[in-house]
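Structure, as structure tokens:
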Amino acid sequence: MTDLSLPAGSLQSALQAFAGGADSVYLGLKSFSARKGATNFTLEEVAKLKKEAVNQGKRVYIALNTLLEDDELIALRPTLKELELLQVDALIVQDLGLASLLKREFPTLPLHSSTQLAAHTIRGVKELQNLGFSRVVLSRELTFEEIKKIREACPSIELKVFIHGALCYGFSGLCMASHHLTGRSANRGECAQICRTWFTHEGERGHYFSMSDLFLAEKVVKLKEIGIDALKVEGRMKSPDYTYYAARYYRDLLDNKEASPINLLTQFSRTPSKGWTFNRFKEPLVDTLYPGHKGVAVGQVVASQEGSIIVLLEEEIAIRDGLLLFIEEKGEMFPLQRLFSSTNQPLFKGERGEKVKITLPFKREVAIGKTLYQISKHDTQRPLISEGGLKPYRQPIALKIVLQEEFLELSSDTLTLKFPIVIQKANKPQSLVDNIIQLFTSGGEHFEGGQITFKNETPLKGEEIFLPLSQLKSIRRTFYEELDEVAKREIKVPFTLTEGRWGDLPPRERLSPPSDPRIPWVDTIEALSLIKGGRPPEEVLARIDGLFYIPLAPVTFDEEGYFKALEELLELLDGEFLIGLNNIAHLNWARENKNYSYFGDIYLYCANRATLAFYYAVVENLKGVYPWVERTSISLPLFISRSCFRHDSLNKGCGGCSKNSEYTLEQSGKHYKVVVRNCLTLLLEERGD
């Protein structure tokens, strides 16, 4: 069954998602979440949600998808133990050091890779499977055909694909804009959304990096048909109503029912598109004019005068709806308070196909042909689902109970206790087995009875035995309290991190290829062409103390061609070399090519000692690792994007394009260079010398 997975920024959002038809929700905790601006969850709320999910046959995934430093990683272990006791259905992880510790110390917790790991190739997915991940969240930048190829090449791991919500301009996990310009790291859940701000190009101000919203609509069925295991709706920062209507809309589509998106799109939607997934070049993916909520187009202005407009409706509107008009390219939002028919009769509702008169709360004239948008509906606010009666989840345990002549013995997988007990002969037949099973099903703080077996080793038959209820309750309470104490002692045990070696690597700025030092990696296909064309390798690749450095590209859609060119390139080099690993896929290639030497590079983040140890364990001949780039002064591209700036931001066609171009932007006195290389867009900050 395809897992329809919805975001839950709060407990109410999660409950609304379940009510709408979601199979699962993913959520963050108060700490360690890539959406720190969401309400997020306490462990007590997770416990309640887990219980409700079990009751409804749903699943709960915990997103721990940020990079962690040593002290944070050590502090996280008690939380992980609590999550293990709650038997959450998976952890969504970015930090590979954390993933390695989870596999070693919490093997019962399934691992899902975060989109922050930028898995976008077959090798990347296969490597994550090697590392013990059961599900991979693929990058949003993949086309349907590319997703299908990965599915076919990787049949035994679960794949999760984005179907709805915000699109980042830069690759998730590789975006440096927020941290570089504001000090707020997207890899720490603090994204400042630089891509939604304005820039100036050739005197024209625009939101040149503000992506449309992904809206796959009925196309989700095609993903289901090729065997995609999970479909992801984005939006942990959005409202519970959004979560409900997103779940409802896509549930109906997946169940082959009629579905209207209006209630969903009026909750929140920028300009909708099919993203990279379908019809990639049919329409630009950037809306340079307006980065905010546009809702649904509901009509066209056919007449206008000061203070009112006549609109030919394409969808129904009603009093108290929220509306939006663009006047001189500026969005004007207003509530619908007065509505009239074509004969000037007051209306509560206007129907599709009608011409209606709308009184405006401002006096500015509206141009004929302008689109009217509905950004909220008067009747879509959902009633709150009660949270007060939710009970916390307790882990069910197998419990063996043996009644002896003077003792009652209780055994679980981790604890066996023997209690003195006084057995009395019953005056009337007793339901001993049923009574004991019912009593011991009720548990303590972390556990409750699951599968309970009872054995009577006394000379009396079960119906002849009377056991005082107060004594049994005391035994039950003591047993579960001791189980809880064992669990609490384990909760308090911290991770132990060992010291590692970073290695002796040159300053990272020196490793950029001399052929274009602004770009901190090597395009192996281009480098091979240059060297074959007669350029000395020293002019194409960085060479320091006689050693060539080849930092690999973090984004490689032609993975096969890229590595084939790398192998040819290495054969041409006269001298030793080190290869820099910048993506999870590169670990996979390094596994197969153990005769080369490597270094962990700046995009294969290393923020803690566990990650450092992990890289040395996985990669043979690893000569060193660069520390997490956001804790250094290295300057990197602010965006790495598959959105072509020429096509999507400047709205120019592909005809006659060389696939390589450059543009200059300005914002608040700072200057930036947009560099397009083979339709991949980089944003660089220009610095004066």
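The values are calculated or read from the model by the stated rules, or taken from the named source; none is laboratory data. None of the values given here were measured: they were computed from a predicted structure. Cβ sites come from the backbone with ideal geometry, for glycine too, and all protein chains shown count toward neighbours.
Among the residues of segment 78-98, those that are in contact with a helix residue (DSSP H, G or I) (Cβ under 8 Å, 6 or more places away or on another chain) and either assigned to a helix (DSSP H, G or I) or at positive phi (or both) comprise 78, 79, 80, 81, 82, 83, 85, 87, 96, 97, 98.
I'd like to verify a number: residues in segment 470-480 that are in contact with a helix residue (DSSP H, G or I) (Cβ under 8 Å, 6 or more places away or on another chain) and either exposed (fewer than 14 other Cβ atoms within 10 Å of the Cβ) or at pLDDT below 90 (or both), how many? Of the residues in that region, 1 qualify.
Scan 8, 34 and give me the residue that is within 13 Å of the chain's Cα centre (by Cα), at pLDDT below 95, buried (at least 24 other Cβ atoms within 10 Å of the Cβ) and closer than 23 Å to residue 94 by Cα. Before you say what the answer is, go through the steps one by one.
Values: 8 fails: at pLDDT below 95.
Answer to the check: 34.
There is no residue in segment 261-269 that is surrounded by 19 or more Cβ atoms within 10 Å (Cβ to Cβ), over 16 Å from residue 374 (Cβ atoms) and in contact (Cβ under 8 Å) with a residue 12 or more places away in the chain.
It is to be established whether one or more residues within segment 331-344 are exposed (fewer than 11 other Cβ atoms within 10 Å of the Cβ), at pLDDT below 95 and either basic (Lys, Arg) or not assigned by TED's automatic domain parsing to the domain that holds residue 301 (or both). No, segment 331-344 contains no residue that is exposed (fewer than 11 other Cβ atoms within 10 Å of the Cβ), at pLDDT below 95 and either basic (Lys, Arg) or not assigned by TED's automatic domain parsing to the domain that holds residue 301 (or both). Would you confirm whether any residue within segment 379-402 is part of a strand (DSSP E or B) and farther than 29 Å from residue 84 by Cα? Checked segment 379-402: no residue is part of a strand (DSSP E or B) and farther than 29 Å from residue 84 by Cα. State which residue is farthest from residue 104 (Cα to Cα) when the search covers only segment 484-495 and only residues that are surrounded by 11 or more Cβ atoms within 10 Å (Cβ to Cβ) and either under 30 Å from the mean Cα position of the chain (by Cα) or touching a residue at least 40 places away in the same chain (Cβ under 8 Å) (or both). The residue in question is 484.
Considering segment 58-77, and only residues there that are β-branched (Val, Ile, Thr) and outside any helix (DSSP H, G or I), the residue that is farthest from residue 8 (Cα to Cα) turns out to be 66. Restricting the search to helices (runs of 4 or more DSSP H) fully inside segment 504-586 and requiring at least 1 residues that are closer than 21 Å to residue 622 by Cβ gives 524-532, 559-572.
The C-beta contact set for segment 31-52 (first residue in a loop (DSSP other than H, G, I, E, B), second residue at pLDDT below 60, distance under 9 angstrom, 6+ apart or interchain) comprises 40/33. Total residues in segment 423-442 satisfying the condition of being outside any strand (DSSP E or B) and farther than 30 Å from residue 394 by Cα: the figure is 5.
In segment 270-292, of all residues being surrounded by 17 or more Cβ atoms within 10 Å (Cβ to Cβ) and among the basic types (Lys, Arg), the one that is farthest from the chain's Cα centre (by Cα) corresponds to 280. Just one of the listed residues (84, 127) is within 24 Å of residue 554 (Cβ to Cβ), buried (at least 19 other Cβ atoms within 10 Å of the Cβ) and modelled with pLDDT of 95 or more, namely 127.
There is no residue in segment 598-619 that is modelled with pLDDT of 95 or more, of a type in the set (Gly, Ala, Ser), part of a strand (DSSP E or B) and surrounded by fewer than 23 Cβ atoms within 10 Å (Cβ to Cβ). Looking across segment 588-597, the residues that are surrounded by fewer than 19 Cβ atoms within 10 Å (Cβ to Cβ) and either of a type outside the set (Lys, Arg) or in a strand (DSSP E or B) (or both) come down to 592, 593, 595, 596, 597.
Taking segment 317-350 as the range and being closer than 11 Å to residue 373 by Cα and assigned to a loop (DSSP other than H, G, I, E, B) as the test, only 321 passes. Any residue at all in segment 473-480 that is among the polar types (S, T, N, Q) and touching a residue at least 12 places away in the same chain (Cβ under 8 Å)? Among the residues of segment 473-480, at least one is among the polar types (S, T, N, Q) and touching a residue at least 12 places away in the same chain (Cβ under 8 Å), which makes the answer yes.
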